[in-house]
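Peer 1: I'd like to ask some things about the structure below.
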Amino acid sequence: MKQPNMEELKERYVAFVNSRKSLVISSQDEQGVPFISYAPYVQLGGKLYIYISRISDHYRYVENNAHIHVMLINDESASPNVFARERVRWVCESQNLGNERYEEIFTLFDERFGDKMMGMLRGLDFSLFELTPSSGRYVVGFGQAFDVDLSGERFEHVVVDRKDK
(Lines give C-alpha, C1' and ligand atoms only; values in the text may rest on other atoms or scores of the structure.)
Protein backbone atom coordinates (compact mmCIF):
# COMPACT_ATOMS: atom_id res chain seq x y z
CA MET A 1 0.00 0.00 0.00
CA LYS A 2 1.24 3.45 -0.91
CA GLN A 3 2.35 5.56 2.06
CA PRO A 4 0.31 8.76 2.47
CA ASN A 5 1.96 12.15 2.04
CA MET A 6 1.83 13.18 5.69
CA GLU A 7 2.60 16.86 5.12
CA GLU A 8 -0.15 17.25 2.51
CA LEU A 9 -2.64 15.41 4.70
CA LYS A 10 -1.70 17.47 7.75
CA GLU A 11 -2.28 20.67 5.73
CA ARG A 12 -5.61 19.27 4.54
CA TYR A 13 -6.55 18.48 8.15
CA VAL A 14 -5.76 21.99 9.38
CA ALA A 15 -7.67 23.52 6.45
CA PHE A 16 -10.64 21.23 7.14
CA VAL A 17 -10.78 22.18 10.84
CA ASN A 18 -10.51 25.88 9.97
CA SER A 19 -13.24 25.63 7.33
CA ARG A 20 -15.96 24.26 9.62
CA LYS A 21 -18.28 26.64 11.47
CA SER A 22 -20.18 24.21 13.67
CA LEU A 23 -19.43 21.03 15.53
CA VAL A 24 -21.51 18.03 16.54
CA ILE A 25 -21.70 17.44 20.29
CA SER A 26 -22.09 14.03 21.89
CA SER A 27 -23.02 14.14 25.57
CA GLN A 28 -25.18 12.24 28.06
CA ASP A 29 -28.30 13.13 29.96
CA GLU A 30 -28.74 12.61 33.72
CA GLN A 31 -29.51 8.90 33.20
CA GLY A 32 -26.47 8.34 30.99
CA VAL A 33 -28.53 8.21 27.79
CA PRO A 34 -26.55 9.53 24.80
CA PHE A 35 -27.62 12.90 23.40
CA ILE A 36 -26.42 14.50 20.17
CA SER A 37 -26.62 18.14 19.18
CA TYR A 38 -24.54 20.81 17.49
CA ALA A 39 -23.25 24.32 18.07
CA PRO A 40 -21.32 26.98 16.18
CA TYR A 41 -17.76 27.25 17.45
CA VAL A 42 -14.51 29.19 17.35
CA GLN A 43 -11.03 28.09 18.34
CA LEU A 44 -8.26 29.89 20.18
CA GLY A 45 -5.09 28.70 21.84
CA GLY A 46 -5.67 25.00 21.29
CA LYS A 47 -9.22 25.11 22.63
CA LEU A 48 -12.70 25.16 21.13
CA TYR A 49 -15.43 27.51 22.32
CA ILE A 50 -19.19 27.13 21.95
CA TYR A 51 -21.88 29.58 22.94
CA ILE A 52 -25.14 27.84 23.84
CA SER A 53 -28.51 28.71 25.37
CA ARG A 54 -29.33 27.70 28.94
CA ILE A 55 -32.78 26.49 27.83
CA SER A 56 -31.34 23.94 25.40
CA ASP A 57 -31.03 20.32 26.51
CA HIS A 58 -27.38 20.17 25.53
CA TYR A 59 -26.53 23.09 27.83
CA ARG A 60 -27.01 21.09 31.02
CA TYR A 61 -25.57 17.91 29.48
CA VAL A 62 -22.38 19.74 28.48
CA GLU A 63 -22.26 21.55 31.82
CA ASN A 64 -22.85 18.40 33.89
CA ASN A 65 -20.42 16.13 32.03
CA ALA A 66 -16.75 16.92 32.40
CA HIS A 67 -16.03 14.93 29.22
CA ILE A 68 -17.91 15.14 25.96
CA HIS A 69 -17.07 14.21 22.39
CA VAL A 70 -17.25 16.64 19.49
CA MET A 71 -17.00 16.04 15.77
CA LEU A 72 -16.53 18.06 12.60
CA ILE A 73 -17.83 16.30 9.51
CA ASN A 74 -17.82 17.14 5.83
CA ASP A 75 -21.13 17.65 4.08
CA GLU A 76 -22.47 14.60 2.25
CA SER A 77 -22.74 16.57 -0.97
CA ALA A 78 -18.99 17.26 -0.85
CA SER A 79 -18.06 13.63 -0.15
CA PRO A 80 -17.22 11.20 -2.95
CA ASN A 81 -18.26 8.30 -0.69
CA VAL A 82 -20.55 8.61 2.34
CA PHE A 83 -18.82 5.63 3.97
CA ALA A 84 -15.57 7.60 4.11
CA ARG A 85 -16.71 11.16 4.79
CA GLU A 86 -13.94 13.45 5.92
CA ARG A 87 -14.31 13.98 9.66
CA VAL A 88 -12.47 14.57 12.91
CA ARG A 89 -13.55 13.93 16.47
CA TRP A 90 -12.03 14.71 19.83
CA VAL A 91 -12.65 13.85 23.43
CA CYS A 92 -13.02 17.19 25.21
CA GLU A 93 -13.12 18.45 28.75
CA SER A 94 -15.83 21.10 29.06
CA GLN A 95 -16.00 24.10 31.34
CA ASN A 96 -18.74 26.74 31.58
CA LEU A 97 -17.12 30.20 31.42
CA GLY A 98 -20.34 32.21 31.71
CA ASN A 99 -21.20 35.28 29.66
CA GLU A 100 -18.81 37.91 31.02
CA ARG A 101 -15.21 38.79 30.15
CA TYR A 102 -13.45 36.69 27.45
CA GLU A 103 -13.73 39.53 24.93
CA GLU A 104 -11.02 38.00 22.74
CA ILE A 105 -13.20 34.91 22.25
CA PHE A 106 -16.36 36.94 21.68
CA THR A 107 -14.49 39.00 19.07
CA LEU A 108 -13.78 35.74 17.20
CA PHE A 109 -17.50 34.88 17.34
CA ASP A 110 -18.31 38.40 16.05
CA GLU A 111 -15.90 38.00 13.13
CA ARG A 112 -17.13 34.55 12.21
CA PHE A 113 -20.88 34.89 12.76
CA GLY A 114 -21.51 38.63 12.69
CA ASP A 115 -21.47 41.18 15.47
CA LYS A 116 -25.23 41.83 15.16
CA MET A 117 -26.05 38.15 15.70
CA MET A 118 -23.62 37.85 18.59
CA GLY A 119 -24.85 41.10 20.13
CA MET A 120 -28.38 39.73 20.13
CA LEU A 121 -27.28 36.37 21.60
CA ARG A 122 -25.23 38.06 24.32
CA GLY A 123 -28.41 39.75 25.51
CA LEU A 124 -30.13 36.39 25.92
CA ASP A 125 -29.52 33.37 28.16
CA PHE A 126 -26.40 32.06 26.41
CA SER A 127 -23.21 30.91 28.08
CA LEU A 128 -19.69 30.37 26.78
CA PHE A 129 -18.15 26.91 27.16
CA GLU A 130 -14.47 26.12 26.78
CA LEU A 131 -13.75 22.69 25.30
CA THR A 132 -10.24 21.37 25.78
CA PRO A 133 -9.59 18.60 23.23
CA SER A 134 -7.40 15.67 24.13
CA SER A 135 -7.28 12.57 21.95
CA GLY A 136 -8.66 12.91 18.45
CA ARG A 137 -9.07 10.94 15.24
CA TYR A 138 -9.13 12.39 11.72
CA VAL A 139 -10.50 10.27 8.87
CA VAL A 140 -10.03 11.39 5.30
CA GLY A 141 -10.76 8.16 3.43
CA PHE A 142 -10.48 4.40 3.52
CA GLY A 143 -7.25 3.40 5.25
CA GLN A 144 -6.53 7.03 6.00
CA ALA A 145 -7.14 7.60 9.69
CA PHE A 146 -4.85 9.64 11.90
CA ASP A 147 -4.55 10.22 15.63
CA VAL A 148 -4.43 14.00 16.02
CA ASP A 149 -4.50 16.96 18.34
CA LEU A 150 -6.38 20.14 17.47
CA SER A 151 -3.39 21.96 15.97
CA GLY A 152 -2.22 19.04 13.82
CA GLU A 153 1.10 18.93 15.66
CA ARG A 154 0.27 15.32 16.55
CA PHE A 155 -0.57 13.56 13.28
CA GLU A 156 0.01 9.80 13.38
CA HIS A 157 -1.22 7.37 10.77
CA VAL A 158 -3.40 4.60 12.24
CA VAL A 159 -2.46 1.27 10.68
CA VAL A 160 -4.57 -1.85 11.17
CA ASP A 161 -3.05 -5.28 10.74
CA ARG A 162 -5.43 -7.02 8.32
CA LYS A 163 -3.89 -10.46 8.97
CA ASP A 164 -6.25 -10.87 11.96
CA LYS A 165 -9.30 -11.05 9.64
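Peer 1: Based on what the data block shows, is Tyr49 open to solvent by 60 Å² or more (accessible area, probe 1.4 Å), assigned to a strand (DSSP E or B) and closer than 21 Å to Leu108 by Cα?
Peer 2: no
Peer 1: With the requirement that a residue be outside any strand (DSSP E or B) and surrounded by fewer than 17 Cβ atoms within 10 Å (Cβ to Cβ), what does the range 114-137 give you?
Peer 2: Answer for the range 114-137, where residues must be outside any strand (DSSP E or B) and surrounded by fewer than 17 Cβ atoms within 10 Å (Cβ to Cβ): Gly114, Asp115, Lys116, Met117, Gly119, Met120, Arg122, Gly123, Leu124, Asp125.
Peer 1: Quick one: is Glu63 open to solvent by 20 Å² or more (accessible area, probe 1.4 Å), in contact (Cβ under 8 Å) with a residue 12 or more places away in the chain and outside any strand (DSSP E or B)?
Peer 2: So Glu63 passes the test.
Peer 1: Give Phe109, Phe146 a once-over and let me know the one that is in contact (Cβ under 8 Å) with a residue 12 or more places away in the chain and either open to solvent by 60 Å² or more (accessible area, probe 1.4 Å) or not in a strand (DSSP E or B) (or both).
Peer 2: It is Phe109.
Peer 1: Residue check: is Val140 more than 16 Å from the chain's Cα centre (by Cα), closer than 28 Å to Glu8 by Cβ and either hydrophobic (A, V, I, L, M, F, W, C) or part of a loop (DSSP other than H, G, I, E, B) (or both)?
Peer 2: Taking the combined requirement at face value, the residue does not satisfy it.
Peer 1: Within the range 88-99, identify whether any single residue is exposed (fewer than 15 other Cβ atoms within 10 Å of the Cβ), free of Cβ contacts under 8 Å to residues at least 40 places away in the same chain and not in a strand (DSSP E or B), and answer yes or no.
Peer 2: No, because not a single residue in the range 88-99 is exposed (fewer than 15 other Cβ atoms within 10 Å of the Cβ), free of Cβ contacts under 8 Å to residues at least 40 places away in the same chain and not in a strand (DSSP E or B).
Peer 1: So, Ser27, is that one open to solvent by less than 20 Å² (accessible area, probe 1.4 Å) and either over 16 Å from Ser151 (Cβ atoms) or hydrophobic (A, V, I, L, M, F, W, C) (or both) or not?
Peer 2: In short, yes.
Peer 1: Related question: Quick check, is Glu104 charged (D, E, K, R), closer than 30 Å to Leu9 by Cβ and either surrounded by fewer than 16 Cβ atoms within 10 Å (Cβ to Cβ) or touching a Lys or Arg at 6+ places or on another chain (Cβ under 9 Å) (or both)?
Peer 2: So Glu104 does not fit the description; no.
Peer 1: Given (1) under 22 Å from Arg54 (Cα atoms); (2) modelled with pLDDT of 85 or more; (3) open to solvent by 80 Å² or more (accessible area, probe 1.4 Å); (4) of a type in the set (Asp, Glu), where does Glu76 come up short, assuming only one miss?
Peer 2: (1)
Peer 1: I'd like to verify a number: residues in the range 1-20 that are loosely packed, with under 12 Cβ neighbours inside 10 Å and under 17 Å from the mean Cα position of the chain (by Cα), how many?
Peer 2: Selection size over the range 1-20: 3.
The values are calculated or read from the model by the stated rules, or taken from the named source; none is laboratory data. Please read these numbers as outputs of a predicted model, since none were measured by experiment. Here Cβ is always computed from backbone atoms with ideal geometry, including for glycine, and neighbour counts include all displayed protein chains. Just so you know, the surface numbers come from the protein's heavy atoms only, side chains and all, with ligands and any DNA or RNA stripped out. Shrake-Rupley method; radii C 1.70, N 1.55, O 1.52, S 1.80 Å.
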